[in-house]
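The values are calculated or read from the model by the stated rules, or taken from the named source; none is laboratory data. As the structure is a prediction and not an experimental result, all values here were calculated from the model. No Cβ is skipped: glycine too gets one built from the backbone with ideal geometry, and neighbour counts run over all protein chains shown. Surface accessibility is based on the protein's heavy atoms, side chains included, excluding ligands, DNA and RNA. Shrake-Rupley method; radii C 1.70, N 1.55, O 1.52, S 1.80 Å.
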Amino acid sequence: MHAIVFYEHGGPEKLQYASVPEPVVGPHEALIEVKAVALNHLDLWVRQGIPGLKLAMPHIGGSDVAGVVAAVGEEVDETWVGRRVVINPSLGCGRCEQCLAGQQCLCVRFGVFGEHTPGGLAEYAVAPATNLYPIPDDFGFAEAAAVPLVYQTAWRALIGQARLRAGERVLIIGAGGGVASAAIQIARLAGAYVYAVTSTPEKERRAIELGADETINYRAVDFSKELWRRTGKRGVDVVLENVGPATWAGSVRSLAKGGRLVTFGATTGRFAETDLNLLFWNQISLIGSTMANDAEFRAVMDLVFRRRLRPVVDRVMPLREGAAAQRLLEAGEQFGKIVLEP
Ligand code: ZN
């Protein structure tokens with residue numbers, strides 16, 4: 001089969017569109033004929049190399065897959081064959097106390113499909129059958145592939161971890177990103193008042209289209225000062241952050257008393273300074289979040305499939321242009337997901 005692979009870590013020039021053996025299906029797994037695979041920033045981190053993450057080479061990335069079940073292992077219900085599915089990229093071990101309590105994303109051996117295992121930037125992929133989720137007939141593969149990773153991340157961060165409630169004010173940083181564009185819609189659906197911070201007038205316009213009540217262009221103004229002004233020196237109840245040092249201090253300053261900052265990434269670096277006076281005096285909570293448990297995944301997928309939340313696809317490209325697609329994502333000019341089709 002054809003796949004986008006890399007033999008060593010580095011830039012997009014390390015990616016090759018190569019012919020590799022089809023993956024072998026284990027007893028509890030399914031073989032998926034990939035119809036669409038969406039890129040995530042995670043693909044760029046994995047390609048560049050993550051400290052402590054040792055990969056078997058060549059590695060195939062790609063965490064967000066939609067396709068058709070082509071075959072199943074001997075322990076899997078055969079009625080899956082021929083069904084249209086997405087793969088839930090959250091991989092729990094299925095045996096530890098967290099997995100047994102339904103908290104797969106807190107599994108001590110937690111992994112992500114396409115990061116800790118071969119992924120879906122290929123014509124075929126294998127995944128545990130427990131991670132298959134059916135796609136309704138009226139839902140396209142490219143749209144479906146745009147959903148699993150970013151929607152579950154946004155859902156757990158805002159609803160599961162920050163416990164966002166109707167009537168609260170929420171600030172979403174970096175509105176062009178896949179999680180942020182999901183988060184704007186989820187926050188709106190939850191009844192919150194949504195401020196979106198982004199970098200261009202075009203991205204501000206798109207954020208409003210998705211449901212943001214107000215936008216702030218961080219290149220034009222200091223976003224935390226602007227937010228302080230717009231909220232009558234009150235601040236917001238929840239900040240959703242994944243940028244890290246470049247925005248961290250502003251994100252903390254933007255919080256109202258009793259506010260919660262939830263972070264799911266560190267795009268500009270791993271270390272940031274926090275003003276401890278603000279932390280205790282304003283009684284702020286700093287919360288981490290990653291991926292989602294199975295119940296959260298199902299809850300958010302059902303809202304998407306019922307068209308209460310909509311996938312945001314920037315563009316669809318052929319799989320063989322995987323390197324060019326990753327360059328586009330790295331440049332950050334897209335709004336929503338870049339999807340590849342084998
Ligand atoms: Zn586990």
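Couple of notes before you dig in:
- Only protein heavy atoms count here; under a 1.4 Å probe, Tyr133 has an accessible surface of about 20 Å².
- Euclidean distance of C-alpha centroids, the stretch 112-142 and the stretch 1-72, integer Å: 11 Å
- Relative contact order of the chain, defined on C-alpha pairs under 8 angstrom at six or more residues apart (%): 19 percent
- Peptides ranked, highest mean first, by Cβ atoms within 10 Å: ranges 94-102, 320-328: 320-328, 94-102
- Area of Arg315 that stays accessible when all protein chains are in place (1.4 Å probe, Å², to 10): 90 Å²
- Gaussian network model of the chain, Cα within-10 Å springs - most flexible of Asn293, Asn217, Asn40: Asn217
- Taking 12 Å as the straight-line reach from the Cα of Lys337, the aspartates and glutamates in range (excluding those fewer than 8 positions away in the same chain) are Asp64, Glu143, Asp314.
- Take every Cα pair under 8 Å whose residues are at least 6 apart in sequence, average their separation, divide by the length of the stretch 258-308, and the relative contact order is 46 percent.
- Per-residue extension of 0.36 nm, minus the Cα-Cα distance of Lys54 and Arg315, leaves a gain of 90.8 nm for this segment.
- Local electrostatic count at Val316 - Lys and Arg +1, Asp and Glu -1, tallied over other residues with Cβ under 15 Å: -1
- Length released on extending from Val81 to Asp138, taking residue separation times 0.36 nm less the Cα-Cα span: 18.6 nm
- Most fluctuating residue given options Ala36, Ala220, Ala144, as computed from a GNM of the chain linking Cα atoms under 10 Å: Ala220
- MRE, 222 nm, helices only [DSSP H, n ≥ 4, -39500 (n - 2.57), over the chain, to nearest 500]: -7000 deg cm²/dmol
- Note that the chain presents 44 Å² accessible area per residue, ligands and nucleic acids not counted, probe 1.4 Å.
- Spin-label pair His28/Arg95, simplified geometry with 7 Å Cα→Cβ offset, distance in nm: 0.8 nm
- Cβ-Cβ FRET estimate between Arg230 and Asn282, R0 fixed at 22 Å, reported to 0.05: 0.75
- For the stretch 295-342 and the stretch 165-183, distance of Cα centres in Å: 17 Å
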